[in-house]
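The values are calculated or read from the model by the stated rules, or taken from the named source; none is laboratory data. No experiment lies behind these values; they were computed from the predicted model shown. Please note: Cβ atoms are built from the backbone with ideal geometry, for glycine as well, and neighbour counts cover all protein chains shown.
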Amino acid sequence: MPSTPERPSAILLMGPTASGKTRVAMALAERLPVEIVNVDSALVYRGMDIGTAKPDPAMRHRVPHHIIDILDPTESYSAARFTEDAWALVDEIAARGNIPLLVGGTMLYFKAFREGLADLPAADSGTRAVIDAMARELGWPAMHETLRDLDPVTAARLEPTDAQRIQRALEVCYVTGRPMSDLLATSSAAPASRRLTAIALEPGDRAVLHARIAARFEEMLELGLIGEVRGLREQYPLSLALPSMRCVGYRQVWQYLDGEFGLARLRETAVAATRQLAKRQLTWLRSFDHVERFDCFDPALEDRIHEHVSASFAAG
């Protein structure tokens, strides 16, 4: 169906890790002519299949998937590139008479897609070197406190140990003299006349989500996650500095392979990191406006979402 200003240009299906996004997306695909656009920064990498819970070949054969397996794990992808790629795909999918269904948990990508991108400065190696030197001396929790003084809004959504994001937020403050949160608030608008149907899967019971996270990581180990990471290290010149290897699960398996801890500790650290990821994703989701929210543990979830989506398109 062609995109019009009245009819939604796309469906956004958002949720934390282990909330069942893939299951819901495939259920919608059984009833609607959708094509799926990946909104997960880890699924873009070739060879990273088990630890990302990547849709299997059978799913991808049944329903077209986009922005999956487009890069080697030595490369980088950005919110800016995603936004450009995703909006182009929205138009291509609509031109084929299908509905674009954007599915994933990388909330920065969703925010950029919906609201446009702020004019943030490029990386400044000198400033980063100074921040890293301070962190080595004081520790990242202390740097988080510094960020709290400079940009309390950004600091509130970051964990004190989230070195990568704390570094970037401080860098923006030092380079521009303005908090990152202010710059993000003045981001350029998304393409005009684009109505979106945004859906969030949120856990009615956090304990159930945590149990799912633990069970899913155990399944990944059984499927061969450790071997997958070992094979990637043999195939590519990787390091923990690369975005691909900073993904939850991959970093912890890397540390395990380096002998930093044993299997029990691997399970503990990976599950804890995944729970922290889910917490950050839910914090992002709570900040989004114009979103229809569903309990991801509702037994009638797929039917309720299908009814909502159908009503949204009928209204257009």
Inset, instruction - Six or more apart or on different chains, Cβ under 8 Å: which pairs go from a residue in segment 20-35 that's at positive phi to one that's part of a loop (DSSP other than H, G, I, E, B) and at pLDDT 95 or above? Could you list them? - result: Gly20/Cys296
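Only one of these is more than 30 Å from Val90 (Cβ to Cβ), part of a loop (DSSP other than H, G, I, E, B), touching a residue at least 60 places away in the same chain (Cβ under 8 Å) and of a type in the set (A, V, I, L, M): Leu242, Leu238, Leu232. Name it. Steps first, please.
On the way: Leu242 fails: more than 30 Å from Val90 (Cβ to Cβ); Leu232 fails: part of a loop (DSSP other than H, G, I, E, B).
After ruling out the rest, the residue left standing is Leu238.
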Legend entry - Pairs with Cβ under 7 Å, 6+ apart, first in segment 261-272 and in the same structural domain as Arg216 (by TED's automatic domain parsing) and without any contact (Cβ under 8 Å) to a residue 12 or more places away in the chain, second surrounded by fewer than 19 Cβ atoms within 10 Å (Cβ to Cβ) and of a type in the set (S, T, N, Q): Phe261/Gln255
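Listed here are the residues, each with its yes/no results for (1) surrounded by fewer than 16 Cβ atoms within 10 Å (Cβ to Cβ); (2) modelled with pLDDT under 95.
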| position | (1), (2) |
| --- | --- |
| Glu6 | yes, yes |
| Lys21 | no, no |
| Arg31 | yes, no |
| Val39 | no, no |
Inset, instruction - Consider only pairs whose beta carbons are under 7 Å apart and that are at least six residues apart or on different chains; among these, list those whose first residue lies in segment 289-316 and is farther than 24 Å from Ala94 by Cα and whose second residue is of a type in the set (Ser, Thr, Tyr). - result: Cys296/Ser19
Legend entry - Leu240, sole failed condition from (1) out of contact with any Phe, Trp or Tyr (no Cβ under 8 Å at 6 or more places or on another chain); (2) surrounded by fewer than 19 Cβ atoms within 10 Å (Cβ to Cβ): (1)
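Yes/no matrix, rows are residues, columns are (1) in a helix (DSSP H, G or I); (2) crowded, with 18+ Cβ neighbours inside 10 Å; (3) touching a residue at least 12 places away in the same chain (Cβ under 8 Å):
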residue	(1), (2), (3)
Pro141	yes, no, yes
Leu170	yes, yes, yes
Ile199	no, yes, yes
Ala207	yes, no, no
Legend entry - Top-ranked residue of segment 157-166 - restricted to ones that are of a type outside the set (A, V, I, L, M) and either within 19 Å of the chain's Cα centre (by Cα) or at pLDDT below 85 (or both), ranked as farthest from Val130 (Cα to Cα): Arg157
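Residue-wise test of (1) of a type in the set (Gly, Ala, Ser); (2) within 19 Å of the chain's Cα centre (by Cα); (3) on the phi < 0 side of the Ramachandran plot.
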| residue | (1), (2), (3) |
| --- | --- |
| Glu202 | no, yes, yes |
| Asp205 | no, no, yes |
| His210 | no, yes, yes |
| Phe217 | no, yes, yes |
| Leu223 | no, no, yes |
| Arg230 | no, no, yes |
| Tyr236 | no, no, yes |
| Ser244 | yes, yes, yes |
Inset, instruction - Looking only at segment 167-189, decide whether some residue is at pLDDT below 90, closer than 30 Å to Ser310 by Cβ and not aromatic (Phe, Trp, Tyr). - result: yes
Legend entry - Selected residue (criterion: modelled with the highest pLDDT) from residues of segment 99-137 that are part of a helix (DSSP H, G or I) and among the polar types (S, T, N, Q): Thr127
Inset, instruction - Determine whether segment 227-239 contains at least one residue that is closer than 14 Å to Ala42 by Cβ and either out of contact with any helix residue (DSSP H, G or I) (no Cβ under 6 Å at 6 or more places or on another chain) or of a type in the set (D, E, K, R) (or both). - result: yes
Inset, instruction - Could you check how many residues of segment 286-301 are within 24 Å of Phe113 (Cβ to Cβ) and either at pLDDT 95 or above or not assigned by TED's automatic domain parsing to the domain that holds Ala29 (or both)? - result: 6
Inset, instruction - Select, from Pro179, Pro73, the only residue that is of a type outside the set (Phe, Trp, Tyr) and either surrounded by fewer than 15 Cβ atoms within 10 Å (Cβ to Cβ) or more than 30 Å from Thr22 (Cβ to Cβ) (or both). - result: Pro179
